[in-house]
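Below is one structure; the comments refer to it alone.
Please treat every number below as a calculation from the coordinates, not as lab data. Since this is a predicted model, take the numbers as computed values, not measurements. Cβ atoms come from the backbone with ideal geometry, glycine included; neighbour counts cover every protein chain shown.
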């Protein structure tokens with residue numbers, strides 16, 4: 001069964017007299033363990049799409065199925081409960097709580113989702129170790145570098161073992177080195193079977209996925225498969241002799 | 001290869017096999033394996049052009065070896081090559097020619113051509129970034145980074161082409 005499926009998804013905004021079709025009829029299926037990226041110029045609707053998938057915004061029409069559950073019809077509270085457990089969200093600007101330690105930023109959503117304080121502490125500790133920032137578990141986000149903060153944010157997104165990880169420009173605020181680190185982490189998560197939908201305008205980031213969708217004016221206009229057998233390229237092909 | 005051999009010989013005289021080893025030491029993983037026959041062929045041409053000369057050196061228990069050294073003309077040729085900036089990267093002219101002519105002749109939809117080219121660039125970008133894991137030396141890392149930056153620029157330029165066509169631009 002697909003982790004996520006949308007049917008003819010629309011989201012319109014009315015600005016004065018104008019109707020803006022930010023998401024204009026999107027049919028998207030994300031298979032188990034699949035990594036899909038969405039690329040397009042700013043204003044193409046890719047972030048709106050991700051917000052709809054993550055329940056941060058509601059569609060004007062169309063369907064969203066999370067596993068076997070149709071979520072677009074759920075009441076606000078039911079949708080919130082469901083997504084807390086089944087969806088992890090990573091933002092460009094981290095969205096961490098600055099006066100809670102890195103560890104507490106992970107524990108809080110675990111406790112909200114029903115974990116015991118002990119379980120929450122264990123899971124937070126394990127995740128921060130896996131993400132290579134175990135030594136900084138007690139630090140407050142403002143004391144961390146951008147790359148470290150994004151790793152904390154990824155830990156927070158994963159703390160309830162979500163079926164789907166959504167990432168909105170996760171490297172948008174990072175330098176090249178931290179970008180590479182975050183991409184390596186996403187690659188490892190994907191290898192371990194995590195389904196991911198990532199939105200970005202950076203082709204280098206987008207091409208880490210199995211499948212890349214190009215959006216324009218609210219629609220998916222092109223699809224590039226990237227997984228499986230790839231062009232066998234050797235370092236020796238890079239330079240002219 | 002011609003200029004690479006001249007550059008190596010400017011450091012010290014050498015025979016063919018030593019040059020093969022020197023090329024591999026400098027470029028290792030960045031060049032496909034160098035075939036020693038190719039080196040001798042290039043040396044032969046350089047000698048015919050008067051850029052190198054060879055002398056047979058006797059060896060105790062093995063056949064004579066042919067040692068090559070740079071001539072004055074060879075040194076001059078090397079200096080000219082080194083001092084000359086490499087030509088700037090050209091626009092990917094084959095695609096551009098197709099794009100312009102195919103849309104002018106109305107034999108293809110320019111947006112279809114752009115999409116297809118973008119998919120090719122994206123797949124190439126993925127292959128190049130995958131290589132980053134195998135690039136151990138500084139030269140290899142710089143080569144990968146250069147390829148990534150070129151592809152990113154090509155993709156950005158395709159975006160510009162697309163904008164130009166979708167906003168109804170006419171040639």
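Taking the square roots of five times each eigenvalue of the Cα gyration tensor of chain B, the equivalent ellipsoid has semi-axes of 46, 19, 14 Å, listed largest first. Summary value for chain B: 19 percent relative contact order, contacts being C-alpha pairs under 8 angstrom separated by 6+ residues.
Nearest 5 is fine: what % of DSSP beta bridges in chain A come out antiparallel, could you say? Bridges in chain A are about 55 percent antiparallel.
As a proxy for reagent exposure, ranking A:94, B:17, B:40 by other Cβ atoms within 10 Å from fewest up yields B:17, B:40, A:94. By the count of neighbouring beta-carbon atoms within 10 Å, fewest first, A:106, A:158, A:166 end up ordered A:158, A:166, A:106. Evaluate the relative contact order of the range B:93-166 (contact order divided by residue number), counting alpha-carbon pairs under 8 angstrom at least 6 apart; express in whole percent. About 32 percent, as a whole number.
Of all the options B:98, B:20, B:106, the one that moves most in a Gaussian network model of chain B with Cα springs shorter than 10 angstrom is B:106. What FRET efficiency do you get for residue A:78 and residue A:143 if R0 is 35 Å and r is their Cβ-Cβ distance, rounded to the nearest 0.05? The calculated FRET efficiency here is 0.40. Rounded if a/c is under 1.5, else prolate if a/b is larger than b/c, else oblate: which is the range A:73-123, with a ≥ b ≥ c the root eigenvalues of its Cα gyration tensor? Cα axes put the range A:73-123 in the oblate bin.
Between residue A:221 and residue B:139, the FRET efficiency from the beta-carbon distance, with R0 = 45 Å, is close to 0.70. Calculated FRET efficiency, residue B:112 to residue B:11, Cβ-Cβ distance, R0 = 30 Å: about 0.05 to the nearest 0.05.
Can you bin chain A into rounded, prolate or oblate? Criterion: square roots of the alpha carbon gyration tensor eigenvalues sorted a ≥ b ≥ c, rounded for a/c under 1.5, prolate for a/b above b/c, oblate for the rest. Taking the square roots of the gyration eigenvalues as a ≥ b ≥ c, chain A is oblate.
Spatial offset of the range B:31-88 relative to the range A:20-39 amounts to 58 Å, using the alpha carbon center of each. Here each label is just a point 7 Å from Cα along the line to Cβ, and for residue A:108 and residue B:2 those points are 6.8 nm apart. Binned at 10 Å from 0, what are the whole-percent values of the Cα-Cα distance distribution for the range B:2-83, short to long? Per 10 Å bin, starting at zero, the Cα-Cα P(r) for the range B:2-83 comes out as 18, 50, 28, 4, 0 percent. Rounded to the nearest 10 degrees, the angle from helix B:72-83 to the longest Cα principal axis of chain B is 30 degrees.
For chain B, the longest principal axis of the alpha carbon atoms and the long axis of helix B:2-11 meet at an angle near 40°. Panel values: the range B:93-166, Kirkwood radius from alpha carbon pairs, Stokes-Einstein at 10 °C and 1.306 mPa s, translational diffusion coefficient 117 µm²/s. The alpha carbon gyration tensor of the range A:31-78 gives principal lengths a ≥ b ≥ c with a/c of 1.5 or higher and a/b no greater than b/c, which makes the shape oblate. Between the helical axis of B:110-131 and the longest alpha-carbon principal axis of chain B there is an angle of about 40 degrees. Neighbour counting of Cβ atoms within 10 Å sorts the residues A:35, A:89, B:96, fewest neighbours leading, into B:96, A:89, A:35. Here is how the number arises for chain A: DSSP H runs of 4 or more residues each give -39500 (n - 2.57), the sum is divided by the residue count, and the result at 222 nm is -9500 deg cm²/dmol. Calculated [222 nm] ellipticity per residue, helices only, for chain B: -21500 deg cm²/dmol; basis is -39500 (n - 2.57) per DSSP H run with n ≥ 4, divided by all residues, nearest 500. Given an 8 Å cut-off on Cα distances and at least 6 residues of separation, report the relative contact order of the range B:1-79 as a percent. Value for the range B:1-79: 37 percent.
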